[in-house]
Each structure stands twice: as structure tokens, then as C-alpha cells.
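Undergrad: Structure below; questions to follow.
The values are calculated or read from the model by the stated rules, or taken from the named source; none is laboratory data. Because the structure is predicted, anything quoted here is derived from the model rather than measured. All Cβ positions, glycine included, derive from the backbone under ideal geometry; neighbour counts span all protein chains shown. Remember, those area values only see protein heavy atoms, side chains included, never the ligands or the DNA or RNA. Shrake-Rupley method; radii C 1.70, N 1.55, O 1.52, S 1.80 Å.
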Amino acid sequence: MKTTITMLPVALLLAGFAVAQDARPFDAPVDSPPDLPTAPAGPSPVEGAEEVLQMFSQQPDQFTQTGGAALYDTSCRACHMGEGQGAIGAGTYPHLAANPKLTSKYYIVTVLLTGYHGMPRFGDQMDDEQIAAVSNYVRTAWGNAYPGTVTAEDVAGLRGKGEGAGD
Amino acid sequence: MTMPITMPTRRQLLAMIGTSAGSAAMYQAMTSMGFAATSDYTGKPPPLAGARNGESVVILGAGLAGLTAAYEMRQAGYNVKVLEYQDRGGGRCWTIKGGDRFTELGGAEVTCDFETGYLNPGPWRLPIHHYAVFDYCRKLGVALEPFIMKNEKAYLHNSKAFGGTPQQIGHVETDIRGYTSELLAKSVRQGALDETVTREDQERLLEGLRGWGVLDKDYRYVKSDELGEVRGWDVLPGGGLMPEAEPSTPIAMSPLLQSGLWNDLFTFNHYNHHPALFQPVGGMGKIGDAFTRECRDLIRFNSQVVRVEQGENGVTVHYRDREGGDDILQETADWCICTIPLSVLAQMDIDVSDAKKKAIAAVPYASAFKVALEFKRRFWEEDEWIVGGISYTDLPIVQIAYPSHDLFDKGPGVLQAAYDTYTAEKNWTYTFNALDPEERIIAAREYGRRIHPQYDAEYMSGTSCAWHRVPWTLGCYGQWTEELRAEHYETLCEIDGRVVLAGEHCSHIPAWQEGAILSALDTIRRLDRRVNA
């Protein structure tokens, strides 16, 4: 421990210089830090931390969430926002709520696999099941009720075909 | 998981390299894919023939590319006008300070209540070979100070190694050099390299390895006073009757290798990270401020471009005053330099060739984020003697950067507590962009306290920037790939009638200010030649 190491020389110094009135004791130079920090024990004082941390994927190179809502919230939500309402600034992020482009289930799958305009592709970060799950979520959330269901097989069929075409 | 049986994408290629050869090799490959490209800038802006007939140029965007063009073309006699969407100049060259507020896409307000310090949400360090940036700093009187990139006392942290205890960068580096030296020496002495290295070279190699790796007389990497001089001490040599010096003890080889921490060292090899690096005194935004000051009379702020029309004789830019209702205003000029980010431009009505339109629409915009936290005291300096530098972690905050300014101050201090861009291809950049401002701060605090437990007692306030939530960029920078460049880059940069694009997206140095400036300089050189053809 830092304290025990530093206290000893201070004591020695004080003893050695006891007669010298202007002796200025100082800590022996202990290289820092003698103890590397360890994760704090006990509950976190950061309110809401547990909930926020759950948003993050367990892996950096592949999303680990499986549910459509969880996948949406950890990626798509950045631009298309929590209620699928999109946003308008100097340019626009399309709204996904009540967006007729979602009528075709293949459209959203292709956009996810290849990217579109400024939107990066997600085909590398999500597998077929995940692409299907997030597609189905977007097509049924916020009052959307577009017909048909995207399956992993649908995604597999489009993967490779359209991929790169958006480039 | 289904993998396409087509040609591997750049990311897959990098992942393959990363898996088989380690992240160091992966970063090397990234470098060769254009992330470290430097310029052939000669140290002077291009000599322009100038506007012999009083030609006019309208420049869209008052970031570094737009204002470099404005500054140089006005000097060459052109009649210059700049239209800027924001109420400020500088673009992504920007510093957030205490008292600043801005509304991000989605409607949330980002606040900054720092008592001291700042956050550079975009660029934050200047490598010395970014000559053009330094030249303009000189010319415009922007004061610079050293930026500490590497600090041996900062940490490498793998939450799954060493019980989550971070290790000092200097220790990891010295130890990995020691062990690899020991292993290589062993191979040489066992004759394993007899066929590839001559006897004489072997002797030299062994001699060198002993010094390089700090090996003992038997070519072993072990604790010793000699190693203490390189790796540091548990008890430093002192004065008088202070206790005997005690050298530090190397981390054991196997856990060190297993931790993967040494892979993170490669970031310091990156040419863009070589010391000495610099930063403007008072924040990166000072560069943008200086350009804005120089060009202020040319800039019309709060101007949102909605259409770029061109004909044989000129360009008409249709725009809207963001504070002046829906009226469409017009600015006409002989030429137009458009620096609007492609993420925005792809949605705009612009008269250019179909090939150019395709190029504009082809480039995705990279995700990036930063969070800064202010603490009551500079505990990283006071407790851990980490003065400047960066710690790297496998947690989603990716890195914690310690300020290179106000060193040893007593008062509060600001850490850049989380930062990543999608260049490293980690999906957490999306997640940070998907979080609301308060949630980003929560994440940065919760992950950061695992490296610096002092967070809990010392936290004051935080701020952040999620680049996909920034209304005027819709993302951080042009995310080029080799394939995209091969197909679209030249088309994107070519003059199209009377319109030409510039910006970091029209450079081989994506996301760096040098790219924006060099793009502008090359663009005005070509435009001036066209004007005077």
C-alpha cells in the first residue's frame, strides 16, 4: 500500500533530521502508482447505469442483441429516433413510422444490408436473424402494420445479391 | 451466421487479418487502405492566376475547407461569398465550453456547465506532418501547445484480464519487448535461425537484443536494477537514508500475451500519432474562429442551401434564411465550391452529372461520439501521476484522454471520457449515438469508474457530442472504402461545369482537418486554372 511505503521514510527522515530545525521532510519518491486501481466494490452511485449499459452489445464487431426492439434501440435509434419519427436538420433522417417505403419487406432488408446514401450498412454487424428481427420490428412498431414477415431466409437470399450494389 | 460467398468486404478482410495476425497487423492494413495517407503539400498555398475579369465564387459551407478556399480566392482577387447553415464558422473544427448549449437532432438539448476545460467534439490533435494546418495556424496567429499522445503511466485496460485491473502502458511495452527479445535470443541460441542469419549477424543480434529487451547475462527477461532503470521502480532511488531502491517486477509472460493488451500499443506506432503532436491553446475551435475572423465579411450565416442550379454562364444557389421564414433567396456567381457534407448534399437538388450524383450518394457517413466529464480535482494527476496522454480500454468508452493543458492545476479538470469513431468498426459508436445526452454521460461514468474509481467522489458534470445527432452533418465524416474510392472518388472531386466539391470527404485523409484544407487548396488550384484557361 502507498501509505505504508511512504510513511516509513517520512518517519526515518523525521528521526534523522530531528535536530535540524528547518528540515523539510518529504515523501520518499515512490513510483506511481504502487497499486493499480481496482474496480470499485459496492453498488454504483451512477443512477440508471444498469439500464443504459444494457443497451450496449456484448461484442464490438457483431451486435449481440436478438430482439428487434433491442437492435433498433442500439443502432437505428441514433438517426430514426425512439418513435421512428426521424429528424430534420440541414438534411433529413427519414421517418420510419408510417413510411410507405416499408410496404415491401425487401426494401428495408436491402437498405440494412447495403446502406443507403449517408446511412452505413449493417449487413456486417447483424446476421440474418437479426436483420429479420429489426426489419419486422420497424414494420410493426409505432402503429405500422405492413403485411408479411421477414424471415432469416429472406435475408440470406438478398445477402450477396444486393450487397455492394448500394455502394 | 450467414456469410456472403462473395469477395470479402474491407471490414471482413480486416477482421480476417485481425483474427489471424492480431490487431496490430489489422491497423497496418487499415493504414495501407488509406487511413494514414499524408499529402504532398509543399508548404505554400497554390499560386493562383487570379480573377482577371472579376470572376465571382459562391462557397457553400464555412468549415475549414470552405474558409480556406474563401481566404485564398479573395486574396487572388475573386469576388467571394460564403453561405453557412450555422450561426458560426469553423464547422467540425469546434470546441464546446461551459455555458454552451445546442439542440441535437431528436430535440434533446446538449448542455455544458464546465467551470474549466472544454470538449473538442471533432478534431483534437495535430500531427506534425499536417503541414497545411500548421501553416494556417502560423498565418492566422493561432497559438499552439504540445498535445501529449503517449504517456507511459496511462493505462491499457482489458476488463477480462488481470481481474479488470488496468496496466501501465510503459509496463506492457517494456515487458512485451523483453519477452519477445528473450524468445528471439533463445531461438538464435538454439540454432533455429542458423539457416537465415549468419553466425556474425547472430552475434550482433544477440548483443542488440540484450540491450533492447533488457536481458540478463543468460538472455532472460527478469527483474533487476538494470530493468528498473527502464521499466521503473516499486521504490524509486532516493536521497540520504531513504530506503533502498526496489525495481518493479515484470508482468508474467503468459497472462500478458493472453490479455491482448500489447496489441493496443500499435496505436502509438501510427504515423498520425507520432510525437510531437500539438493542439491550439484554448481548444481546436480556435482554428475555426481564426478563419471565421479573417473571412467574416464574406460569410452569410443561418443560410440553408436548398438547390444548386447551374447553367452555361453561372451558378444560382437557392437558399433560405433559417431565421427569416420560408422565402427562398438567391445568390448568383460564376463558380460554386460546395463543401456541404455528402450526407446532406445527397438529399439536395443540385445540377451535376448523374455520375457525380451517384458519387455524392455513395459515401456513408461514419458514426463517432465523444463524452467529456468534469471532476472536482485532477485526480489522474494527483493520485496516479498521469499527466496528459490516453488510456485505452476494451469497454465501449474505448479511451480516456487526459488533458494536455492546465497541467497540475488545483481546480476542476475535464477528461475526454469516451471517444470512438467507426473507423475501428466497433458497433458501440452507434449505441452512443442512439443514447440521449444524459444517457451518454451515465455510460461514460459507469464504464470509466472501473478504471478510475475516483469518478464516484469527484464527478461534477458532463457533456457530449454524438455526430449522427448533429443537425448540420448527419454523421461525422465520409466513410470511404477502397471499392468506393475506386468507383467514385475521382468523379466526386472533378469540376462539373461550374460546380466543384471540396471538404474532408474529397480527400485521402478522411476526418482530418488537413484533408479538408488540402482538398480546398487543390480545388481552387484546378478551378483557377479552369477560369483562366
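Undergrad: When you look at the Cβ of every residue in A:111-124, what mean number of other chain Cβ atoms sits within 10 Å? Could you put the intermediate results ahead of the total?
TA: On the way: counts 0, 0, 1, 1, 5, 3, 13, 19, 7, 11, 4, 2, 4, 9.
What the average comes to for A:111-124 is 6.
Undergrad: I've got another one for you. If each DSSP helix of 4+ residues adds -39,500 (n - 2.57) and the sum is divided by the residues in chain B, what number results at 222 nm, nearest 500 deg cm²/dmol? Intermediate values should be presented prior to the final figure.
TA: Values: 16 runs with 166 residues, N = 533.
So the helix-based figure for chain B works out to -9500 deg cm²/dmol.
Undergrad: Computed over the Cα atoms of the protein assembly as shown, what is the convex hull's projected area averaged over all directions, in nm²? If you can, show how the numbers build up before the last one.
TA: Numbers: hull surface 146.3 nm².
The orientation-averaged projected area of the Cα hull of the protein assembly as shown comes to 36.6 nm².
Undergrad: Using only protein heavy atoms and a 1.4 Å probe, report how much of B:F134 is accessible, in Å² to the nearest 10.
TA: For B:F134, the solvent-accessible surface is approximately 30 Å².
Undergrad: Which whole number gives the average, over all residues in B:230-243, of C-beta atoms from other chains lying within 10 Å of the residue C-beta? Could the numbers behind the result be given before it?
TA: Details: counts 0, 1, 2, 4, 4, 8, 5, 2, 7, 5, 6, 7, 10, 6.
Per residue, the average neighbour count from other chains is 5.
Undergrad: Leaving out ligands, DNA and RNA, and with a 1.4 Å probe, what % of the accessible surface on the protein assembly as shown is carbon or sulfur?
TA: Values: 15620 of 29550 Å².
For the protein assembly as shown, the apolar C and S fraction of the accessible surface comes to 53 percent.
Undergrad: In square angstrom, rounded to the nearest 10, how much accessible surface does B:F278 have for a 1.4 Å probe?
TA: About 50 Å², ignoring ligands and nucleic acids.
Undergrad: Relative to the first principal axis of the alpha-carbon coordinates of chain B, what is the inclination of helix B:131-140, with its axis defined by its Cα atoms, in degrees from 0 to 90 and to the nearest 10?
TA: 60
Undergrad: Do any residues of the range B:135-175 show a loss of at least 20 square angstrom of accessible area between the isolated chain and the full protein assembly, using a 1.4 Å probe, and if so which?
TA: B:K153, B:Y155, B:T165, B:P166, B:Q168
Undergrad: Working from Cα positions, state the angle (0 to 90°, nearest 10) between the long axis of helix B:437-448 and the longest principal axis of chain B.
TA: The two axes meet at around 20 degrees.
Undergrad: Ordering B:R525, B:R231 by how much accessible area each has at a 1.4 Å probe, largest first, what is the list? Walk me through the numbers on the way to the answer.
TA: Values: B:R525 80, B:R231 20 Å².
Largest accessible area first, the list is B:R525, B:R231.
Undergrad: Once phi is turned into θ = phi - 60°, what whole-Hz ³J(HN,Hα) does the Karplus curve with 6.51, -1.76 and 1.60 give for every residue of the range B:396-404, x standing for Gly and Pro?
TA: x, 6, 6, 8, 10, 9, 8, x, 8
Undergrad: Consider just the alpha-carbon atoms of chain B and return their Rg together with their Dmax, both in angstrom.
TA: Every Cα atom of chain B included, Rg and Dmax give 26.0, 87 Å.
Undergrad: Probe 1.4 Å, all protein chains in place: accessible area of B:R300 in Å², nearest 10?
TA: 60
Undergrad: Averaged over peptide A:37-48, how many Cβ atoms belonging to another chain are found within 10 Å of each residue's Cβ? Show your work: numbers first, answer last.
TA: On the way: counts 13, 7, 9, 8, 1, 1, 0, 7, 7, 12, 4, 5.
Average per residue, whole number: 6.
Undergrad: Near B:Q279, within a Cβ-to-Cβ distance under 13 Å, what is the net charge of the other residues, with Lys and Arg +1 and Asp and Glu -1?
TA: Working: positive: B:R125, B:K286; negative: B:E145, B:D406.
Residues near B:Q279 contribute 0 overall.
Undergrad: Give the peptides B:372-384, A:84-96 in descending order of average Cβ contacts within 10 Å, highest first. Could you put the intermediate results ahead of the total?
TA: On the way: B:372-384: 20.7, A:84-96: 19.0.
Result, highest mean Cβ count within 10 Å first: B:372-384, A:84-96.
Undergrad: Could you please put B:Y136, B:Y419 in sequence from largest to smallest accessible area, using a 1.4 Å probe?
TA: Ranked from most to least accessible, the order is B:Y419, B:Y136.
Undergrad: Let me ask something else about it. Give me the 1.4 Å probe accessible area per residue for the range B:169-258, excluding ligands and nucleic acids, in Å².
TA: Numbers: 5260 Å² over 90 residues.
It amounts to 58 Å² per residue over the range B:169-258.
Undergrad: Sort B:502-513, B:45-56 by the packing proxy (mean of other Cβ within 10 Å over each peptide's residues), most packed first.
TA: Values: B:502-513: 25.3, B:45-56: 15.0.
Top of the packing list down: B:502-513, B:45-56.
Undergrad: Suppose all protein chains stay in the model; what accessible area per residue would a 1.4 Å probe give for the range B:385-515, in Å²?
TA: Numbers: 3390 Å² over 131 residues.
I get 26 Å² per residue for the range B:385-515.
Undergrad: For helix B:10-30, what angle does its Cα long axis make with the longest principal axis of chain B, in degrees from 0 to 90 and rounded to 10?
TA: With rounding to tens, the tilt is 40 degrees.
Undergrad: Dipole size in debye (nearest 20) for the protein assembly as shown around its Cα centre, Lys and Arg Cβ +1, Asp and Glu Cβ -1? All intermediate terms of the calculation are to be shown ahead of the outcome.
TA: On the way: 62 positive and 89 negative charges, 232 e Å.
In debye, rounded to 20, the protein assembly as shown gives about 1120.
Undergrad: Right, another one. Just how large is the dipole of chain B about the Cα centre, in debye to the nearest 20, putting +1 at every Lys and Arg Cβ and -1 at every Asp and Glu Cβ?
TA: Working: 53 positive and 71 negative charges, 124 e Å.
Here the size comes out at about 600 debye.
Undergrad: Still on this structure: For each pair in B:K160/B:K223; B:K150/B:K410; B:K139/B:K358, compute the distance between the two Cα atoms and list the pairs where it is over 29 Å.
TA: Working: B:K160/B:K223 26 Å; B:K150/B:K410 23 Å; B:K139/B:K358 38 Å.
Violating the 29 Å limit, Cα to Cα: B:K139/B:K358.
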